[in-house]
Amino acid sequence: EAAVTQSPRSKVAVTGGKVTLSCHQTNNHDYMYWYRQDTGHGLRLIHYSYVADSTEKGDIPDGYKASRPSQENFSLILELASLSQTAVYFCASSAGTGAQDTQYFGPGTRLLVL
Amino acid sequence: GEQVEQRPPHLSVREGDSAIIICTYTDSATAYFSWYKQEAGAGLQLLMSVLSNVDRKEEQGLTVLLNKKDKRLSLNLTAAHPGDSAVYFCAVNTNAYKVIFGKGTHLHVLP
């Protein structure tokens, strides 16, 4: 069964500080994604990647960087955390480029920026 | 671009009753449709997916209907039980990395 793990599961950060969220998948999937979830907005795509050492911007990339050092790992980096980045962040992976390639989600990281 | 509207945002039903959630979308080229369930404090769990050439799919007490003419997707929990209480999301996509999620429906099944 597909397995996506995230760390930390929750984090409190200070405004202006650097935050790194990590994601690890054991599915051997090429595609990985970072979403944020806010009440009333569903999930919105921040960054994604389809190969190691390469990342692509999603729909809301401003204020975020991503890093894909290997097929298994995908990180989301907030260089200067802001209050508006308080949200729940989900990582996901999928096998390929087809519309039917299901995305498998991690359990989420709850980030609170004070 | 593609827009997805999901309704209702909140739904309460009695145990054993049906619960129906509807999503409408705008892009007729949408190829794939999914429903996810999110329990408190957890990630999204895939319930069911259908390709655009499928009108109806049933699995384990769940029925997904796709009306391409009206661009409407629905999820019917035919006999809800308290364990079904969660947030449900529809998702539509034209390719693997362009997935648009609905805003979610909070389902509460009363015993």
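Given a 1.4 angstrom probe, I'd like the percentage of the accessible area of the protein assembly as shown that is carbon and sulfur, rounded to a whole number.
In the protein assembly as shown, the share of accessible area belonging to carbon and sulfur is 49 percent.
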Hey, got the average number of other protein chain Cβ atoms within 10 angstrom for residues in A:37-48?
4
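Might you report the magnitude of the Cβ-based charge dipole of the protein assembly as shown about its Cα centre, with Lys and Arg at +1 and Asp and Glu at -1, to the nearest 20 debye?
Taking the Cα centre of the protein assembly as shown as origin, the dipole is about 380 debye.
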Accessible surface buried upon A-B contact (total; probe 1.4 Å; Å², nearest 100)
1700 Å²
My understanding is that a pair violates if its Cα-Cα distance is over 28 Å; which of A:Lys11/A:Lys57; A:Lys65/B:Lys71; A:Lys18/B:Lys37; B:Lys37/B:Lys98; A:Lys65/B:Lys69 do that in this structure?
A:Lys65/B:Lys71; A:Lys18/B:Lys37; A:Lys65/B:Lys69
Taking the dipole about the Cα centre of chain A, with the C-beta of Lys and Arg at +1 and of Asp and Glu at -1, give me whichever of A:Leu78, A:Thr26, A:Tyr104 is farthest to the positive side.
A:Leu78
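Within 10 Å, at most 13 other Cβ atoms, and a DSSP state outside H, G, I, E, B define an exposed site. Report the longest part of chain A free of exposed trypsin sites (Lys or Arg not before Pro).
A:19-114
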How many angstrom separate the Cα center of the stretch B:47-61 from the Cα center of the stretch A:5-47?
29 Å
Give me the dipole magnitude in Debye, nearest 20, for the stretch A:17-114 about the Cα centre, with unit charges on the beta carbon: positive for Lys and Arg, negative for Asp and Glu.
280 debye
Provide the percentage of antiparallel DSSP beta bridges, counting only those with both residues in chain B; round to the nearest 5.
90 percent
Choose one of B:Tyr36, B:Val54, B:Gly16: the residue whose Cα lies farthest towards the positive end of the charge dipole of chain B (beta-carbon charges +1 Lys, Arg; -1 Asp, Glu; about the Cα centre).
B:Val54
Measuring from its Cα centre, chain B shows a charge dipole (+1 at each Lys and Arg Cβ, -1 at each Asp and Glu Cβ) which, in debye to the nearest 20, is 260 debye
Any residue on another chain or 5+ positions along whose placed amide H is under 5 Å from the amide H of A:Asn27 is listed here as A:Ala3
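The values are calculated or read from the model by the stated rules, or taken from the named source; none is laboratory data. Small disclaimer: the values here were computed from a predicted structure and weren't measured. Quick reminder, even Gly has a Cβ in these numbers, built from the backbone with ideal geometry, and neighbours come from all protein chains shown. Quick note on the areas: whole protein, heavy atoms, side chains included, nothing else; ligands and nucleic acids left out. Shrake-Rupley method; radii C 1.70, N 1.55, O 1.52, S 1.80 Å.
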